[in-house]
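Taking it in order: structure first as structure tokens, then the write-up.
Every read-out reported here was derived from the displayed coordinates using simple, explicitly stated rules and does not represent laboratory data. For clarity, every value in this text was computed on a predicted model and none was experimentally measured. Methodologically, a virtual Cβ is constructed for each residue, glycine included, from the backbone with ideal geometry; neighbour enumeration extends over all protein chains shown.
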Amino acid sequence: MTETIDPPSLGPRRIDQGLSAEQAAEFDGPAVSTYLAPFVQLALEHLEHHPSFTRTRIADVAQASEPARVVHLCARTGFLDAGIRRVLPGARIYGTDPSADAIARAPSRPDGEYTVVPSLPTPFTDGWFSHGITVHPGGSVGDRARLLAEYRRILWPTAQVVLAVPLRGSFTELGDLLREYALKHDAPDVEAAVTGAASLRPGAEGLANELSRAGFEQVTVTTKTVTLTFANGQALISDAAMRLLVLPELEQSLGIALNKPLRYAQSAIDKYWSGGDLFELTVIAGCAAGYRRA
């Protein structure tokens, strides 16, 4: 018999909710690391495109002579630290997360710190950071707008912001199964929610516009298409990255409980891909970078 999903195993439902100690440990595991890898790669490539950023673009700012000050909002467990240090040697790295258990797993250091911040805004001083970076924060367009507004407040003029998120066209295969559930179970609310959520996920141009509206200029966007594979429905539902990042964000964007639709999707995958073929899930990773207007 096919196992059904355990709803309490899903991660936080909103950008401002934390991880439990168990979820924070899972976040550091290979499933999440593998899923986040293309987002992290794109984010660091944007930083690498401007390796002398703090020396050239803000030469008229007093802080230019200091090491880069990087803030990572929604930092989770500090998984970006090593990459940031490769790109910006000597950088002072600061991070926030709603979860004390996630912060507890972040590395301690003398040249930066991690802080538990239940929700935005943060306690950081206005205009204090040279770089801001967030990878896969989750949430809606409104959540991203609040996140970018906070970055604009705490970054100094011409400082760089980098934001990596899944773009429109991601997870379409799962969306198709949820629509099939809606059709077979006479659930028009699910059909409408899936269609609406898909249309609200930004494309590359839409993500660039979000940064522009938030007060950032010279915005560039890079995308990368990735295919995730799962042996069966249970593998999809039990995957840590799906439970801690993808499914909670999907549930929030839909605005409906996904317990029954996900059980159906799990069974459908086991039925349709029973011949040994892997279930493939498309992810379009997008990363936008821009500079705070003076």
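If I take R0 = 41 Å and measure r between the Cβ atoms of Thr225 and Asp126 in this structure, what FRET efficiency does the formula 1/(1 + (r/R0)^6) give, to the nearest 0.05? Calculated transfer efficiency: 0.60. I'd like to know which of Gly290, Asn259, Gly206 lies farthest towards the positive end of the charge dipole of the chain, counting +1 on Cβ of Lys and Arg and -1 on Cβ of Asp and Glu. Comparing the listed Cα positions along the dipole, Gly290 ranks first. Only beta bridges with both residues in the chain are counted; by DSSP, about 55 percent of them are antiparallel. Report summary: the helix-based calculation at 222 nm, which adds -39500 (n - 2.57) for every DSSP H run with n ≥ 4 and divides by the residues of the chain, gives -12000 deg cm²/dmol.
If R0 is taken as 25 Å, the Cβ-Cβ distance between Arg109 and Gln17 corresponds to a FRET efficiency of 0.45.
Sorted largest first, the principal axis extents computed over the alpha-carbon atoms of the chain equal 64, 36, 32 Å. Remark: the Thr172-Lys260 segment gains 29.8 nm on full extension, using 0.36 nm per residue and subtracting the alpha carbon distance. For the chain, the longest principal axis of the alpha carbon atoms and the long axis of helix 30-48 meet at an angle near 40°. Among Asp270, Asp81, Asp189, the largest mean-square fluctuation in a Gaussian network model of the chain, built with springs joining Cα atoms closer than 10 Å, belongs to Asp189.
Given Cβ point charges of +1 (Lys, Arg) and -1 (Asp, Glu) and nothing else, what value in debye, to the nearest 20, does the dipole of region 7-292 about its Cα centre take? Before the final figure, lay out the partial values.
Details: 26 positive and 31 negative charges, 105 e Å.
Dipole size: approximately 500 debye.
If you count, for each residue, the other Cβ atoms within 10 Å and average over each peptide, how do 160-168, 126-134, 179-187 line up from highest to lowest?
Details: 160-168: 24.3, 126-134: 21.8, 179-187: 14.9.
Top of the packing list down: 160-168, 126-134, 179-187.
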